[in-house]
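Notes follow the structure.
The values are calculated or read from the model by the stated rules, or taken from the named source; none is laboratory data. Predicted model, so just to flag it, every value in this text is computed and none were measured. Neighbour counts run over all protein chains shown; Cβ positions are idealised from the backbone, glycine included.
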Amino acid sequence: MKLNASFSKYYLIFKKPGGTSRGVLHSKKTYYIKIKSPNSYGVGECALFKGLSVDDVPNYEQKLQWVCENINLDERFLAQELLAFPSIAFGLEQAFLSLKSEDPFELFPSEFTEGKSSISINGLIWMGDKIFMHQQIKEKLSKGFTTIKLKIGAIDFKSELDLLRSIRKEFDAEEIELRVDANGAFQAGEALEKLKILSDFDLHSIEQPIKTDQWEEMAKLCAESPLAIALDEELIGVFSKKDKEELIKTILPQYIILKPSLIGGYLGTESWIEMAEKNKVSWWITSALESNIGLNAIAQFTYKLKTKIPQGLGTGGLFTNNINSPLMVKNGKLHYNRKDMSYHWGDYHKLFK
């Protein structure tokens with residue numbers, strides 16, 4: 001069966017600018033790959049993350065074009081050729097699964113896609129001034145979230161502590177689980193003291209307190225911090241089983257955070273999970289500002305792993321021009337709403353001409 005493939009570029013526009021320690025995001029470029037057979041087609045998202053993805057390179061579109069021209073090669077060969085392009089590898093995995101499915105949006109049939117079950121997720125709070133962040137928190141709580149993740153490191157540390165203090169005055173750890181993400185904002189020499197201070201607020205964990213490639217310093221923090229540490233950016237660009245094992249065994253974090261678009265899709269994620277569980281390291285899965293095409297692919301995969309802790313999949317409502325989908329957030333959970341057929345595959349044909 002001969003296949004044809006093509007790709008298209010798409011710009012996602014944020015409803016509100018998203019503040020991170022790397023700057024403020026107003027839009028995000030992503031790519032879609034479409035595979036066509038004589039009787040069906042499949043769609044996947046290659047969610048390049050500028051400034052963060054290891055495959056943010058000048059020849060990215062040339063590599064996508066190469067994949068399209070060689071789409072009839074063995075899938076395993078293509079996956080091997082895309083090790084250094086994790087977002088393309090993930091988009092291709094999605095597209096092949098979509099091609100083989102009766103419903104191109106249903107990649108992993110389950111009680112989740114049947115609308116009978118849901119996925120607990122955290123509510124994401126973007127960086128900004130204290131008033132803006134507090135408004136976001138109130139909004140998430142009103143929508144039924146019991147786990148909240150705050151981006152920190154952009155405003156002064158004292159203001160961030162004041163914000164956490166105000167939350168804890170109103171809600172204890174039994175009512176609201178708080179996660180924070182520093183995106184490497186702390187200096188190695190000051191990090192442990194800051195983690196000790198943060199631990200007074202009964203936080204669940206902190207993601208990537210210091211910048212990557214400081215294994216010795218990170219290992220010391222993981223060993224001495226009273227606050228659990230989750231590695232995030234540290235996993236990007238680590239592909240071989242040997243290198244993954246060395247990283248995990250050297251640093252021994254309490255958690256790792258898995259972003260399929262940044263670590264090589266399903267295969268890359270499963271490899272990290274195997275390594276983490278082998279070394280008694282816990283994990284959860286997070287989206288990386290994909291549109292609903294990629295988010296749907298991550299959510300269905302996450303559900304089949306049967307993990308119980310809240311996942312980081314609550315980014316679908318960030319954009320003004322997201323792709324329509326059956327995904328819906330209700331009471332702090334992600335649902336697949338089969339009854340809502342407002343998503344129409346005809347809309348996707350327009351995108352992938």
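Once region 108-134 is narrowed to residues that are small (Gly, Ala, Ser) and more than 21 Å from HIS26 (Cβ to Cβ), the residue that is surrounded by the fewest Cβ atoms within 10 Å (Cβ to Cβ) is SER117. If only residues of region 89-131 that are hydroxyl-bearing (Ser, Thr, Tyr) and farther than 30 Å from VAL67 by Cβ are counted, the one that is nearest to the chain's Cα centre (by Cα) is SER120. Among residues of region 78-100 that are outside the structural domain of GLU61 (by TED's automatic domain parsing), none has a Cβ under 7 angstrom from a residue that is surrounded by fewer than 24 Cβ atoms within 10 Å (Cβ to Cβ) and not small (Gly, Ala, Ser) at a sequence gap of 6+ or on a separate chain. In region 305-319, the qualifying residues are those that are β-branched (Val, Ile, Thr) and under 22 Å from GLU106 (Cβ atoms), and the one that is farthest from the chain's Cα centre (by Cα) is THR307. Taking region 227-239 on its own, how many of its residues are closer than 15 Å to PHE186 by Cβ and over 19 Å from the mean Cα position of the chain (by Cα)? Residues meeting the conditions: 1.
Residues satisfying the criterion are present in region 286-304 (criterion: in a strand (DSSP E or B), within 21 Å of GLY237 (Cα to Cα) and within 11 Å of the chain's Cα centre (by Cα)).
Within region 151-172, is even one residue basic (Lys, Arg), closer than 19 Å to ILE251 by Cβ, assigned by TED's automatic domain parsing to the domain that holds GLU246 and at pLDDT 90 or above? No, region 151-172 contains no residue that is basic (Lys, Arg), closer than 19 Å to ILE251 by Cβ, assigned by TED's automatic domain parsing to the domain that holds GLU246 and at pLDDT 90 or above.
A Cβ distance below 8 Å, combined with a sequence gap of six or more or placement on separate chains, defines the contacts here; from region 59-75, residues that are closer than 16 Å to TYR31 by Cβ and in the same structural domain as GLU93 (by TED's automatic domain parsing) reach no residue that is basic (Lys, Arg) and modelled with pLDDT under 95. With a requirement of 3 or more residues that are crowded, with 16+ Cβ neighbours inside 10 Å and hydrophobic (A, V, I, L, M, F, W, C), the strands (runs of 3 or more DSSP E) lying completely within region 164-239 that satisfy it span 229-231. Picking from residues in region 26-55 that are surrounded by fewer than 19 Cβ atoms within 10 Å (Cβ to Cβ) and touching a Phe, Trp or Tyr at 6+ places or on another chain (Cβ under 7 Å), the one that is modelled with the lowest pLDDT is HIS26.
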